[in-house]
Each structure stands twice: as structure tokens, then as C-alpha cells.
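Colleague: If you scroll down you'll find the structure; I have some questions about it.
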Amino acid sequence: MGSLLVDESEYGQAAQSMIDTQLRARGIVNARVLDAMRTVPRHVFLDPSLHRRAYDDAALPTTDDQTISQPYMVAVMTQTLGVDPTHRVLEIGTGSGYQTMILARLAAEVFTIERYASLAHGARDRLDSFGVTNVHIHLGDGTLGWPDLAPFDRILVTAGAPKPPPALIDQLADPGRMVIPLGDRTYQTLVTLEKRRGKVHQTDGLGCHFVPLVGEQGWPGDED
């Protein structure tokens, strides 16, 4: 893919400022991640009323009480995940599709699961509008993963879980890596899980706040 930044005269400077002041200044050094963050048009994944804030150092609301994560958090999670061009990546929580599109720029294939139909359809429409063909979207319970298409080289969970869902551990390749926020419903730690020779090794990262990971192997929802 080439540059995907649309309306560059209006938003290009804001995107470059995001790279310089929010990402590089805080230790994001992976050139492929920085290029993806610079060229994927973040404002397109938001309501037009929020376009002017799209490149701010903040998480922003989407529909269904969800959020599009702070640019720095997207970059940290993506850099930590360590995606190679040959990797098959499972994403839990498609949301607006912004993080999905970042991953699509880096991986061979992205398999993403969303529990809200409106979000899944909106993300699909946005990705299709950019001609993205290496993303597969499934509507369902992300805590159960996508067993028919496992294993996955990398798994990224974009919602906070009380513990790593066993189904996702099972579907992680060996060797493989998962990045997941773990904690309670209001505060989590960004955790990296590495599977090597049948054992899972955990490394704790920075503190964070994500919406709860709702599902059979996550938090109960209001309807449960």
C-alpha cells in the first residue's frame, strides 16, 4: 500500500506532529509502526464532529460506548506486538477499524473479531474504501477467538480482561506473542505473553485503561 493519508493539506501536519511529539518523543522507534501511524488517516475512523481532535494525545469516543485508543497506546501496543510481514494476526475488538488497519499495513493477514454488528459493519466499510484486502472480520465473542483459523503468530486484545482467556492462549502459535490489558474494569496493566516451547512467559508493561473485554472467558455483560 502507498500513502493512505487523505486530505493531506489539512491533516498531514497534524499527523506528522503526532508522530514527532507523541510517539518518537516517548520511545516509539519501530520504523514500520511509525510509517503506519503516519499514513493511516485516523480522522476517517471518527465522527466528522471529532475530526479536528483526531490527532490529539487522547482516546476518543466511537459508537456503542466504545473508544478509539490514544495514538500513543496504539503505537505502544503495535510496537510491543512485533508484527512481521509474514505474520497472521488475531485482533480482539475491531472497534472503528483504526487499529485493524494499522495491523493490516504490517502483517500478511489480520483476523479481527467484534461483538457489535454496527462496529463490525462500519469497520468493514472503511477498510473496503481503502482497498484493504488482507483483513477478515468475524462477528462474535472475541474471548473465544477464532479456533477454525488458528494458530496465530500474534494476538492483540484491545479491551481489558480479568485474566488471559484460555481460548486465546490455546490459539497462540508456539512461538508466538500476545499483548493484552489485564486488571479490573477500571484500570489495567498492558501485559505481553510469550509462548515458547509450550510455556507462557509474562512481562508487565505500562498502566492503561480500556473498555472491558466482555464474553464467555472475560467480563460478564449487562445481558449476561
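Colleague: Looking at GLY183 and the list (1) over 15 Å from the mean Cα position of the chain (by Cα); (2) in contact (Cβ under 8 Å) with a residue 40 or more places away in the chain, which single condition is not satisfied?
Modeller: That leaves (2) as the condition not met.
Colleague: Of the conditions (1) touching a Leu at 6+ places or on another chain (Cβ under 8 Å); (2) modelled with pLDDT of 95 or more, ASP64 clears all except one; give me its number.
Modeller: (2)
Colleague: May I pose another question? Among VAL211, VAL191, which is under 18 Å from the mean Cα position of the chain (by Cα) and modelled with pLDDT under 95? Steps first, please.
Modeller: Numbers: VAL191 fails: modelled with pLDDT under 95.
From the options VAL211, VAL191, the qualifying one is VAL211.
Colleague: Now for a different question. Between ARG53, ARG38, ARG26, which is of a type in the set (Lys, Arg) and modelled with pLDDT of 95 or more?
Modeller: Numbers: ARG53 fails: modelled with pLDDT of 95 or more; ARG38 fails: modelled with pLDDT of 95 or more.
Residue meeting the stated conditions: ARG26.
Colleague: To continue, here is another question. In this structure, is THR78 touching a helix residue (DSSP H, G or I) at 6+ places or on another chain (Cβ under 6 Å), touching a residue at least 12 places away in the same chain (Cβ under 8 Å), surrounded by 23 or more Cβ atoms within 10 Å (Cβ to Cβ) and assigned to a helix (DSSP H, G or I)? Lay out the reasoning, then the answer.
Modeller: Values: touching a helix residue (DSSP H, G or I) at 6+ places or on another chain (Cβ under 6 Å): yes; touching a residue at least 12 places away in the same chain (Cβ under 8 Å): yes; surrounded by 23 or more Cβ atoms within 10 Å (Cβ to Cβ): yes; assigned to a helix (DSSP H, G or I): yes.
Answer is yes for this residue.
Colleague: Right, something else. Would the range 169-183 turn up any residue that is in a loop (DSSP other than H, G, I, E, B) and under 22 Å from ARG115 (Cβ atoms)? Can you show your working first?
Modeller: So the first thing to find is which residues in the range 169-183 are in a loop (DSSP other than H, G, I, E, B), and the list is none.
Checked against the condition, which is being in a loop (DSSP other than H, G, I, E, B) and under 22 Å from ARG115 (Cβ atoms), the range 169-183 yields no hits at all.
Colleague: Looking at (1) open to solvent by less than 30 Å² (accessible area, probe 1.4 Å); (2) touching a helix residue (DSSP H, G or I) at 6+ places or on another chain (Cβ under 7 Å); (3) of a type in the set (A, V, I, L, M, F, W, C), which one does VAL214 not meet, given that it meets all the others?
Modeller: (2)
Listed here are the residues, each with its yes/no results for (1) charged (D, E, K, R); (2) more than 9 Å from the chain's Cα centre (by Cα); (3) within 19 Å of VAL44 (Cβ to Cβ).
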position: GLN70; (1), (2), (3): no, yes, yes
position: THR80; (1), (2), (3): no, yes, no
position: ASP84; (1), (2), (3): yes, yes, no
position: VAL89; (1), (2), (3): no, yes, no
position: GLY97; (1), (2), (3): no, no, yes
position: SER118; (1), (2), (3): no, yes, yes
position: ALA123; (1), (2), (3): no, yes, yes
position: LEU127; (1), (2), (3): no, yes, yes
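The values are calculated or read from the model by the stated rules, or taken from the named source; none is laboratory data. Keep in mind it's a predicted model, so treat the numbers as computed, not measured. When we count neighbours, we look across all protein chains shown, and the Cβ atoms used for this are built from the backbone with ideal geometry, even at glycine. All accessible areas refer to the heavy atoms of the entire protein, side chains included, with ligands and DNA or RNA removed. Shrake-Rupley method; radii C 1.70, N 1.55, O 1.52, S 1.80 Å.
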